[in-house]
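Below is one structure, written out as structure tokens; comments come after it.
The values are calculated or read from the model by the stated rules, or taken from the named source; none is laboratory data. No experiment lies behind these values; they were computed from the predicted model shown. As a convention, Cβ positions derive from the backbone with ideal geometry for all residues, glycine included, and neighbour counts pool all protein chains shown. Ligands, DNA and RNA are stripped out before the accessible areas are found, and what is left, the full protein with its side chains, is counted by its heavy atoms. Shrake-Rupley method; radii C 1.70, N 1.55, O 1.52, S 1.80 Å.
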Amino acid sequence: ACVLLDAVVSFLAKDMKLLNDEKGLRYLKTLILESSWVLTLDPEENLKPLLAFLKQSVNAGGCGLTHVKAVKAICAAPSLFTHSVEDDLRPRFKFMTEEAGLRATDAVECIMYDHVREYMRFFAEECFLGENAAKALLRSDPRALDKDLGNMRASLKCMLDIKMRPEQISYVVAKYPIAVMHSDFEGLRSKIRYFSETLSLGDAKTAEIIFKNPEITSLNLEGNIIPKFRYLADVLGFGADGATKLIAGGGVVLGMSEEKLGANALYLLAIPGMTQVAVCDLIVRFPSILGYHLENNLKPTVQWIIDEVGEEQVARQVYMNPHLVGMSLERNLKPTLAFYKIHFPMQSIEVMLSLCAISLPGNLLPKMRLIHRLGIMAKFGTAEQPGIKCIAACEIGDFCSRAGISQEEYQAERTRCIADFAKEFPPPVLKDKDGNWINKLDGPRQKIIAALNKRNTLLRLEMESNSREAQSAARAEAANKRRRNAFGKGGGDSGDEGAETQGESKRAAVDTSSSPDDSLPGDGVYKGPGYLELYGDMTTLPAPPVGEGGEVIGMGGWGCGRVGLRVPSSEVRSEEAEAEEEARGGAAPAADPKSE
């Protein structure tokens with residue numbers, strides 16, 4: 001025993017180098033006090049293989065950690081000494097790095113878990129994330145492997161109970177994994193019950209609130225949600241109905257501090273002409289307006305609108321164009337409005353403000369430069385002044401077609417405009433406290449959502465392809481059925497059935513085509529709801545029947561006038577009628593050319 005203890009101490013002192021500095025001594029003290037059983041292990045069978053595996057290069061099948069990180073990993077999880085490197089740790093590490101996509105350092109922290117495959121299946125299949133998004137989630141948040149799977153399934157069941165759709169659940173888990181990771185699933189159930197039953201929002205609206213703002217799943221019901229509801233209803237004066245409407249609009253107000261929420265809401269209420277109902281509707285439509293800085297953003301922008309349109313119209317402009325409040329006054333609103341006033345002086349200020357959200361350097365400036373350079377002003381309005389909406393709302397392809405230029409030429413001009421604009425109005429520099437550039441698109445949540453969006457796009461394209469094939473087959477079958485009914489296959493009353501079908505089709509066409517909103521402008525042919533049911537898909541219909549002389553014969557009443565000659569259904573004769581005519585010795589009368 002003494003020899004074994006000496007060997008263990010020698011390993012800790014020489015191999016792990018825990019006696020070389022103060023940090024190593026703290027590691028050694030913690031290891032002996034909390035995991036004294038390590039002193040009873042065999043260094044050759046248990047201790048040395050683990051340290052060598054952690055320090056071995058990745059190409060050689062190891063973890064590729066430095067000595068310091070390897071010692072830190074061992075002291076954080078001494079239970080690793082009890083696992084076999086070749087039979088357990090190495091295969092598990094390979095799965096985590098190659099299949100689950102974890103970084104080596106994260107895989108080492110989670111290497112003691114033997115349930116990685118099960119957790120991946122849970123996020124990929126039960127949470128509807130798919131394999132790639134599940135890997136991205138574990139890679140960005142390895143702590144998920146430390147959560148209890150039973151609690152996560154219980155939290156997921158709370159969402160399924162209110163009939164959240166798979167795409168809603170997958171987005172919530174991707175954006176805010178804590179929604180299923182927190183252990184208090186009973187608290188989640190009580191919050192859902194409060195929204196659905198106490199506020200009488202119902203399950204569908206509650207599911208929409210969680211989908212729009214998953215962070216509310218981690219808010220405390222008694223300490224946050226209920227007091228915030230009372231604050232909205234009583235202190236700010238929105239009343240119970242108004243507070244319920246604000247929460248139903250997405251629940252963003254629940255995650256804001258009362259100080260900021262109250263300051264912005266009270267300022268909006270103080271705008272001349274603004275009512276409580278209008279502010280409530282405004283916050284529901286554009287909840288981010290409550291998150292803007294009051295002194296640096298909200299007040300200056302509203303004051304600028306007052307200077308442009310006057311106090312009588314400021315409430316209407318803020319209500320109709322709330323997105324203006326979130327834009328930079330110096331880099332966006334003022335230059336864009338000045339551009340409109342120079343080039344479109346006859347337009348009203350209200351129209352100009354409604355179009356101020358359109359990018360000046362990326363949209364308006366390159367178009368106007370090209371119009372003046374090419375002398376094509378008349379193509380976009382009058383010879384003196386182009387139409388403001390013809391320029392602002394014109395798509396790139398349409399603009400290039402009307403201007404007679406290629407999209408490459410347009411993009412080159414656009415690049416020059418953006419560069420010139422940046423020289424005159426330099427963008428703000430976004431850096432963190434360490435001086436590193438901030439790029440929100442590189443965050444871990446965005447990577448998960450990007451993987452989820454890619455999967456959903458592929459699924460949608462596959463579903464659309466299958467749906468198109470199924471719809472085409474259904475239309476062809478319906479057309480064939482109508483054709484069989486029109487010819488009266490095997491029945492003597494086929495003419496009457498054809499006439500009845502034709503009459504019903506005409507009546508249905510008259511009824512449905514009366515809706516002007518569903519008509520395609522200009523072509524005079526109704527193609528709204530009921531079009532395919534009435535006429536079928538003209539590209540999949542069988543060829544019309546041809547007589548002995550090569551003429552197209554009648555096809556009853558299923559809209560065949562579009563592809564062949566329409567013969568009155570009364571002249572479509574059944575086999576029994578022809579046999580009866582031959583028995584009387586008479587020939588079947590020829591069709592009247594005028595009627596044809």
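Could you check the simple spin-label distance between Met320 and Lys157, using points 7 Å along Cα→Cβ, in nm with one decimal?
That separation, rounded to one decimal, is 5.3 nm.
Go through Thr415, Thr206, Thr105 and list them by solvent-accessible area, largest first, probe radius 1.4 Å.
Thr415, Thr105, Thr206
Cys356 accessible area, nearest 10 Å², 1.4 Å probe?
Accessible area of Cys356: about 0 Å².
Please report the orientation-averaged projected area of the stretch 224-276, defined via the convex hull of its C-alpha atoms, in nm².
3.4
Could you give the radius of gyration (one decimal) and Dmax (whole number) of the Cα atoms in the stretch 215-335, in Å?
Considering the stretch 215-335 through its Cα atoms, Rg and Dmax are 14.7, 48 Å.
Rounded to the nearest 0.05, what FRET efficiency do Asn296 and Leu269 give with R0 = 22 Å and r taken as the Cβ-Cβ distance? Could you check?
0.65
At what distance in nm do the modelled label points of Ala60 and Arg230 sit from each other, each positioned 7 Å from its Cα along Cα→Cβ?
Spacing of the two 7 Å Cα→Cβ label points: 6.6 nm.
Could you check how much of the accessible area of the stretch 256-349 is carbon and sulfur, as a whole percent, using a 1.4 Å probe?
The nonpolar share, carbon plus sulfur, comes to 54 percent.
Rounded to the nearest whole Å², what accessible area per residue is found for the stretch 172-264 with the 1.4 Å probe?
41
Under a plain spin-label model, where a point goes 7 Å from the Cα along Cα-to-Cβ, how far apart in nm are Lys212 and Ser348?
Between Lys212 and Ser348, the label points sit 3.0 nm apart.
Does the stretch 4-150 classify as rounded, prolate or oblate by the C-alpha gyration tensor (a ≥ b ≥ c root eigenvalues; a/c under 1.5 gives rounded; else a/b over b/c gives prolate, otherwise oblate)?
prolate
Figure the gain on full extension for Lys205 and Ala393 (residue separation times 0.36 nm, minus the Cα-Cα span) and round it to one decimal in nm.
So the extension gain works out to 64.3 nm.
For a Förster distance of 25 Å, can you work out the FRET efficiency between the beta-carbons of Ala13 and Glu45, rounded to the nearest 0.05?
Efficiency for this residue pair is about 0.85.
Can you give me the C-alpha center-to-center distance between the stretch 252-278 and the stretch 1-63, rounded to a whole angstrom?
First find each Cα centre; the distance between them is then 61 Å.
May I ask you to derive the FRET efficiency for Ala470 and Glu222 from their Cβ-Cβ distance with R0 = 51 Å, giving the value to the nearest 0.05?
Working: r = 51 Å, r/R0 = 0.99.
Efficiency, rounded to the nearest 0.05: 0.50.
For the stretch 7-158, what is the accessible area per residue in Å², given a 1.4 Å probe and the full set of protein chains?
On the way: 7610 Å² over 152 residues.
Spelled out: the 1.4 Å probe surface of the stretch 7-158, per residue, equals 50 Å².
Given the Cα-Cα distance of Met377 and Glu118 and 0.36 nm per residue of separation, how much length would full extension add, in nm? The partial results should precede the final answer.
Working: separation 259, 0.36 × 259 = 93.24 nm, distance 6.49 nm.
Difference between extended and current length: 86.8 nm.
Past 31 Å, Cα to Cα, is the threshold; run Lys175/Lys245; Lys334/Lys367; Lys205/Lys389; Lys135/Lys157 against it and keep the listed order.
Table pairs above 31 Å Cα-Cα are Lys205/Lys389.
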